[in-house]
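A short worksheet on the structure shown next.
The values are calculated or read from the model by the stated rules, or taken from the named source; none is laboratory data. Quick caveat: nothing in here was measured; it's all calculated off a predicted structure. We place every Cβ from the backbone using ideal geometry, glycine too, and count neighbours over all the protein chains shown. Note: accessible area is taken over every heavy atom of the protein model, side chains too, but ligands, DNA and RNA are not part of it. Shrake-Rupley method; radii C 1.70, N 1.55, O 1.52, S 1.80 Å.
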Amino acid sequence: MTSGTSGIDERLAGKRICIVAGSGGVGKTTASAALALGLAAAGQRVAVVTIDPARRLADSLGLEELGNEPRRVDATVLEGHGIEMRGELWAMMLDPKATFDGLIAKLAPDAATRDDVLGNRIYAQLSSAIAGSQEFSAVAKLYELDRDGDYDAIVLDTPPSRNALDFLDAPDRLADFFGGRALKLFLVPGGIAGRVMGKGTAVVFGILKKLTGVNLLDDVSVLFRSMGSLIDGFRERASAVKALLSDPATTFLIVTSPEREPVAEAIFFRQKLREAGMPFGGLIVNRAAVLTEAEMTAPAAIHAALRDDLGDALAAKVAAGAEDLQILAARHAAAIERLRSAFDEPDPIVVPRLDGEVQDIDGLLVLYRHLAGRSNST
Ligand SMILES: Nc1ncnc2c1ncn2[C@@H]1O[C@H](COP(=O)(O)OP(=O)(O)O)[C@@H](O)[C@H]1O
Ligand SMILES: [Mg+2]
């Protein structure tokens, strides 16, 4: 077991796929972008899949919503930032529905089946709900990029799920849905589809048709007929996608903030990764309050030093502010200690709370330097 701190570069050595997981709002999307940018600048051909990036971050990378394929980020983004783009950065914003449609198109045995499914009104509803399983779309996209592109590294940001674990289960859940009892019940002759559609439901569909002029019953039967030919391919794909998560060239980075709930979730997620035999590459504690020596001066001493110049009231306010900050930093330090002992692995990479929003190229480069353990060099 390694001890001490090593930077992100050492931790990712020999890995091609890096999945950035953690609770919502801790900095996954930002860290993914920073990591990809840093690796690309250092000479690798990198693809990053971001999910719901903040508008300014998307603008900084020239990300577009349309396309659902990585586009090459212009190397000139680094111009004037004192660093050269030695590799290539490719970036995209995940479009879950387009990813899901693309998968159906690929798995369909022929063009007619593909069009039947994609043009189906029930599918349109169903796929938006399923693509709401962004988790699955994200890994499906990862799988595609891994197969199609020859990237040295692929960085996958993960969806803002309430629970990071949803991500690990997504392929299984979808494979169960497609290959499982629910759909079979519909598909087997005399199954629910046949029975239900024969009677009461037919009445409902009939009324709907009168009201709307749309015959949804046709849609239902066409969809189920076409889906039947897709199920095997879908299940195979889902298990290939799942296998990619535990591939030796894949690793998970867990990001957390030093707050109570994300910390608890990070520890839980680490545990789940271990149970699932999935690779863990490192823990990033982001937005930690890290104080300078001056900021650690005892509040009473600050008060005394400032009283003459600022007057008693203002000096007391500054001292109280410093005290709050020190309490916060102490709490964060305790959280980091808790993580360190729970993880029992290389020390977490601690990234301080940076000034302002970290959404432009400068911010990403600063963040990357912290990840790489080179925050002192310029
Ligand atoms: N080290 C940091 N210091 C200050 N702000 C940060 C830092 N890391 C991320 N942020 C900001 O926190 C917000 C949430 O980050 P984001 O990457 O979108 O989180 P997530 O993807 O985990 O939901 C963004 O506004 C981002 O700019
Ligand atoms: Mg995000």
* Taking a probe of 1.4 Å, how large is the accessible area per residue of segment 258-378, in Å²? -> 56 Å²
* Asked: What is the calculated FRET efficiency for T297 to E79, with r their C-beta to C-beta distance and R₀ = 35 Å, to the nearest 0.05?
  -> 0.30
* May I ask you to list the GluC sites (Glu not before Pro) in segment 272-378 that are in a DSSP loop and have at most 11 other Cβ atoms within 10 Å of their Cβ? => E293, E357
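Given N residues in segment 1-69, what is Rg(Cα) / (2.2 N^0.38 Å)?
Working it through for segment 1-69, the quotient is 1.24.
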* Amide H partners (placed H, <5 Å) of V350, local residues excluded -> V285
* Could you give the size of the charge dipole of segment 230-378 about its Cα centre, using +1 on the Cβ of each K and R and -1 on the Cβ of each D and E, expressed in debye and rounded to the nearest 20? => 580 debye
* In whole angstrom, and with the biggest value first, how far do the Cα coordinates of segment 211-346 range along each principal axis? -> 84, 50, 19
* For segment 295-343, what log10 I(q)/I(0) values come out of the Debye formula at q = 0.14, 0.23 1/Å, with one point per alpha carbon and no solvent? -> -0.43, -0.73
* At 10 °C and 1.306 mPa s, what whole-number value in µm²/s does Stokes-Einstein give for the translational diffusion of segment 42-126, with Rh from the Kirkwood sum over Cα pairs? -> 105 µm²/s
* Measure off 7 Å from each Cα along the Cα-to-Cβ vector at D166 and E337, then give the distance between these two points in nanometres to one decimal. => 3.5 nm
* To do: Would you mind getting me the FRET efficiency between E236 and A330? Use the beta-carbon distance for r and R0 = 41 Å, nearest 0.05.
  => 0.20
* To do: Of the listed pairs K15/K272; K28/K317; K242/K272; K97/K242, which have alpha-carbon separations greater than 26 Å here?
  => K28/K317
